[in-house]
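Heads up, the thing below is written out as structure tokens.
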Amino acid sequence: MTASGRAGATMTDAAANSPEPRSHAHPSARGTPGGMLPFGDALARVGSTVGPSLAALAVLAGAILGGWTYAPYGLQTGLGIALGAGSIVAMGLALILAARPRGLEGLFGGLDRIYGVHKWLGITALAMMIGHNTLEPELERFVRESGLGDFAGDLGELALNGFIGLILLSWIKRIPFTRLEIPWQIWRFTHRFTGLLFAIAAFHQLAIDKPAGIAPALGLYLNAFSLAGLAAWLFTQFVAPFLRPQGFVLDQLQRHGSATEITLRPTGRALRWRPGQFAFVSAPGAGLTEAHPFTIASAPAPDGHVRFAIKALGDWTRRLPDRLRPGQPLRVDGPYGRFLFRRRVPRQVWLAGGIGITPFLAWAEALTEADRQQIALVWAVTTPDEAFAAERLRAIAARHPGFDLHIVASRSDGRLTAERLAALVPFDIATAELFFCGPTALHRAILTGLRAMGKSPRRDHCEAFELR
Ligand SMILES: Cc1cc2nc3c(=O)[nH]c(=O)nc-3n(C[C@H](O)[C@H](O)[C@H](O)COP(=O)(O)OP(=O)(O)OC[C@H]3O[C@@H](n4cnc5c(N)ncnc54)[C@H](O)[C@@H]3O)c2cc1C
């Protein structure tokens, strides 16, 4: 066991300049050849593909049902309705997933993957909607036209144009050909209107003129998704913000340069979470009304306190330390996420870039005497004083044989390369699993380097600090 504060290592430019995990992958595990999976892990891995597959099947079923119901009215009409039906199902599901259904996290592999599927459902819905509008089902000869049906047709156009704007805004994070990122708040504000547009699209499918005697199954299927999607949107917008968060007050606030650690104590029911999970935090009384996600950087404690380490990256996180006073009420909505400590993995490399240390702080704090795994935690920072939890981690390393700590400061020690990582880790990385939380550039550089050395980890797990 070593607890080293200095070790030569290299970081990529991007990593060195921005040690914070602005953009991560998700807590899924990607297998690498030759890896035997513990049963629980294997189950979790299979489980996480169930949700996306079910979502895809539901959209496909809607499209097939639409095509089959309208096939007698011609190929173009059948295809057009298939695309329209598929887009209603995709939109309804996207809204259901946006409601952060905690019970479905296991089927998707975590909330960030739920948001990933939500995003792709939105894009699929838009593509299908454009197809539906382009093919324009030809039903004039088969329906008795009504004023309501005409109105529903016009509203369909309106919903389409609105969706094109909103979904493109969500999809394109940057203004094309510039480095300008569309501010989160603008994206978030506009994104709220997708529910209204969905209501219009749902009305369009319900009220549009249909041929007499059409089979009812399609209508029932689409109405079910329309109702569920609308209910989920109403819940997300108007109920969840009041219902879900739990009450906490600020116990302690410690500033460490650009990072702030806050310790919160529950005012009522304690939060039950597993190390590595995250929660949405807000403090409406302190002008921090919008809820932001942060990993709980402490292990569950009997008194129910939770700690977060928050790096100042933007408006909200910069304001936080000045806005909070001891006793300040805060709201915490969680837990979410599946970046969990895997007890059954005998050799583990935990690689953190900057503030990406937070899940590992919780994991390390949660280690018990029964944990006999060989663990190497490598924390890449720019300067040594950025490693605000170094003492805490050294104390844990001193208690746990097999827990190895290396803090690598790129400015004084040089860059973290795969070669240096392999040299720091006291076992063969090719026999271990890699757990990463930090800048994507660092993750990629390390994986590429390890691959080139023929030392790819048996599995690679990675946590996202981005939900968009
Ligand atoms: C699962 C997860 C765990 C995280 N854990 C930590 C942590 O332990 N410590 C830490 O310092 N940071 C963590 N983050 C990142 C943190 O949420 C953002 O840095 C913070 O929300 C930025 O807000 P801002 O207004 O200060 O910055 P901005 O400049 O407004 O936002 C920067 C980026 O943060 C994201 N973001 C902003 N607002 C929100 C929001 N309300 N909800 C979701 N994402 C948002 C967007 O991608 C945005 O582009 C985590 C993020 C996620 C998704």
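Each reported figure results from applying straightforward, stated rules to the coordinates on display, with no laboratory input. Please read all numbers here as calculations on a predicted model, not as lab measurements. Cβ placement follows ideal geometry from the backbone for every residue including glycine, while neighbour counts extend to all protein chains displayed.
In which sequence would LEU377, LEU234, LEU442, LEU57 go, from the one with the fewest C-beta neighbours within 10 Å to the one with the most?
LEU57, LEU234, LEU377, LEU442
Output the Cα-based Rg and Dmax of the range 85-157 in Å, rounding Rg to one decimal and Dmax to a whole number.
In Å, with Rg to one decimal and Dmax whole: 16.5, 49.
If the convex hull of the alpha-carbon atoms of the chain is projected onto planes in all directions, what is the mean projected area in square nanometres?
Mean orientational projected area (the chain, Cα hull): 24.2 nm².
Treat the range 301-381 as a sphere of radius equal to its Kirkwood radius over Cα pairs and apply Stokes-Einstein at 25 °C in a medium of 0.890 mPa s; give the translational diffusion coefficient in µm²/s, rounded to a whole number.
The Stokes-Einstein estimate is 160 µm²/s.
Where the Cα atoms of the range 156-273 are projected onto their three principal axes, how long is each span, largest first, in whole Å?
Principal-axis extents of the range 156-273 (Cα, largest first): 69, 46, 19 Å.
Where q = 0.09, 0.10 Å⁻¹, what log10 of I(q)/I(0) comes from the Debye formula for the range 45-242, counting one point per Cα?
Those come out to -0.35, -0.43, one per q.
Taking LYS210 as the anchor, which aspartates and glutamates have their alpha carbon closer than 12 Å to its alpha carbon, excluding any fewer than eight residues away along the same chain?
Those aspartates and glutamates meeting the cut-off are GLU138, GLU140, GLU145, ASP150.
Between SER53 and THR368, how many nm apart are label points set 7 Å from Cα along the C-beta direction?
Distance between label points: 3.4 nm.
Only helical DSSP H runs with n ≥ 4 go in: add -39500 (n - 2.57) per run for the chain, normalise by residue count and round the 222 nm mean residue ellipticity to 500 deg cm²/dmol.
Calculated at 222 nm, the ellipticity per residue is -14500 deg cm²/dmol.
Straight-line reach from LYS455: which aspartates and glutamates have a Cα under 14 Å away, not including same-chain ones fewer than 8 places off?
By straight Cα distance, LYS455 reaches GLU419, ASP428, GLU433.
At most 16 other Cβ atoms within 10 Å and a DSSP loop assignment: could you name the trypsin sites (Lys or Arg not before Pro) in the range 177-218 that fit?
Hits after loop and neighbour filter: ARG179, ARG192.
The range 246-336: percent of C-alpha pairs farther apart than 18 Å?
Counting pairs separated by more than 18 Å, the tail of P(r) holds 35 percent.
Under a 5 Å amide H to amide H cut-off, with H placed in plane at 1.01 Å, what residues pair with GLY438 once short-range neighbours are removed?
The answer is GLY353, GLU463.
Which aspartates and glutamates, if any, have their Cα less than 14 Å from the Cα of LYS119, not counting same-chain residues under 8 positions apart?
By straight Cα distance, LYS119 reaches GLU466.
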